[in-house]
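First the structure, in the form of structure tokens, and then the observations on it.
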Amino acid sequence: MDNLTDALREKFGEQTPEQFFGKLAYLILDDGITDIDFNGIDVWVNHVEKGKYKIKNSDFTEKDCEKLAYQISNTENVQFNDTHPILQADLNDLRFQFTHKTFSSGYTTCSIRKTPIVNRIKEENLQDRSKKVEYLSKKANELLKLSIKNLLNIVNCGLTGSGKTELAKYSTKFTNPSDKIITIEDTSELHLKVIYPEKNIVELKINDFVSYEDAIKSCLRMSPVWINLSEARGKEIKELLKAVSTGHKIITTLHCDNAKQIPSRMLNMFEDNELSSDKIKNMIYDYIDLGIHIRADFSNGVTRYVDQIVYFDTGDDADDDIRMTYEIYKVKEHIQVDGTKTYEYIYNDLPDSLVEKLHVDENFAKEWVSK
């Protein structure tokens, strides 16, 4: 709350969160709530543990929504009207989007995304015994730590709300102390410089004048070890792979529902490329080491967990077009007759090339697959 209060005072004058946000203040100040949506009539929220639900008996109205929108538009010195029907703004760890009633079926709406400046994933809570499934098993967590320490390139994937960014935050904890990290985002979500003040971190934010591609090209001149791209969405993937080809390491996220789909998803992002699809696929399999899929189950509250770790590899001779996908970790869900769910942890053999990259001995590989 102190950070938000300071940000409000700096940008909007002497106002508290309660004064500025009014009837939404208590939701904004609730650390468990990640998203607040007003559709013109009802307020819906997304809670990290309770899931998505409608606020009952909310007295937040469309007039309240309009008031908040105009407060922000006036301070940001941007228009919000029928000719400029979309308003976007950032404040500290809040991201706003408003739509004007001429654009959104007669109602002014708002969406507020909260990206708290904290690391929600705590190592001591990964195997929380109060939950039916571990967020990340002890062995899988050790594998992740070794992968970061040994500079493997990692892509986190999952659907919206699964927690891809949170895993990227957690993973950064294990980077070597001397490794320079550059983050690239369009909206501030990682907050790594605040979360890890002891690390050498530079934060870049794209805008109307600097694209993702520009930012990636620029950061290469800044000699980073790690490039943390908040989300790979399109043609910037080409520049990102070029960066990896020169020895830089990446942690990034993308949308897909299976870690095995990562190469195909990345291939679809390439535009106007002079290389063949096969050559691009070889690059992806050669440069990306691990794909990690995070699943979010909203059927009874929210249960998030890493359910898949995949290793990508090519043969010794890339011209052979050998592309291999190894699913080395899998959490399999079983639904019982009474509807309850149980979970099975599957550890498959670690490929020799991965063992070599992790700088571990055969005992680690044997322990990995042991029951």
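Worth a mention:
- Residue match in segment 166-173 (condition: modelled with pLDDT of 90 or more, part of a helix (DSSP H, G or I), closer than 29 Å to residue 268 by Cα and open to solvent by 20 Å² or more (accessible area, probe 1.4 Å)): yes
- Subset of segment 141-165 [hydrophobic (A, V, I, L, M, F, W, C), assigned to a loop (DSSP other than H, G, I, E, B) and open to solvent by 20 Å² or more (accessible area, probe 1.4 Å)]: 151, 159
- All positions within segment 138-186 that are within 16 Å of the chain's Cα centre (by Cα) and of a type in the set (Phe, Trp, Tyr): 170
- Within the span defined as segment 257-266, one or more residues are at pLDDT 95 or above, among the small types (Gly, Ala, Ser), within 21 Å of residue 156 (Cα to Cα) and surrounded by 15 or more Cβ atoms within 10 Å (Cβ to Cβ).
- Any hit, segment 76-97, residues being of a type in the set (Phe, Trp, Tyr), at pLDDT 90 or above and more than 24 Å from residue 205 (Cα to Cα): no
- Residues within segment 50-59 that are open to solvent by less than 80 Å² (accessible area, probe 1.4 Å) and within 30 Å of the chain's Cα centre (by Cα), tallied: 3
- Pairs where the first residue, in segment 57-77, is within 19 Å of residue 27 (Cα to Cα) and the second is of a type in the set (S, T, N, Q) and in a loop (DSSP other than H, G, I, E, B), C-beta under 6 Å, 6+ apart: 62/108; 65/108; 66/108
- Unmet criterion (only one of (1) open to solvent by 60 Å² or more (accessible area, probe 1.4 Å); (2) in a helix (DSSP H, G or I)) for residue 68: (1)
- Among strands (runs of 3 or more DSSP E) entirely within segment 76-140, having at least 1 residues that are open to solvent by 60 Å² or more (accessible area, probe 1.4 Å) and of a type in the set (D, E, K, R) singles out 94-99, 109-114.
- Scanning segment 186-203 for residues that are open to solvent by less than 10 Å² (accessible area, probe 1.4 Å) and either assigned to a helix (DSSP H, G or I) or touching a Leu at 6+ places or on another chain (Cβ under 9 Å) (or both) yields a total of 2.
- Of residues in segment 16-49 being in a loop (DSSP other than H, G, I, E, B) and within 22 Å of residue 117 (Cβ to Cβ), the one least open to solvent (accessible area, probe 1.4 Å): 32
- Test: residue 342 is loosely packed, with under 12 Cβ neighbours inside 10 Å, touching a residue at least 60 places away in the same chain (Cβ under 8 Å) and of a type in the set (S, T, N, Q): yes
- Conditions (1) more than 12 Å from the chain's Cα centre (by Cα); (2) buried (at least 16 other Cβ atoms within 10 Å of the Cβ); number of the one not met by residue 252: (1)
- Inside segment 230-244, residues that are open to solvent by less than 10 Å² (accessible area, probe 1.4 Å) and either in contact with a Cys (Cβ under 9 Å, 6 or more places away or on another chain) or among the basic types (Lys, Arg) (or both) make up a count of 1.
The values are calculated or read from the model by the stated rules, or taken from the named source; none is laboratory data. All values reported here derive from a predicted model rather than from experimental measurement. As a convention, Cβ positions derive from the backbone with ideal geometry for all residues, glycine included, and neighbour counts pool all protein chains shown. The protein model used for the area step is the full one, side chains on, heavy atoms only, and it has no ligands, DNA or RNA in it. Shrake-Rupley method; radii C 1.70, N 1.55, O 1.52, S 1.80 Å.
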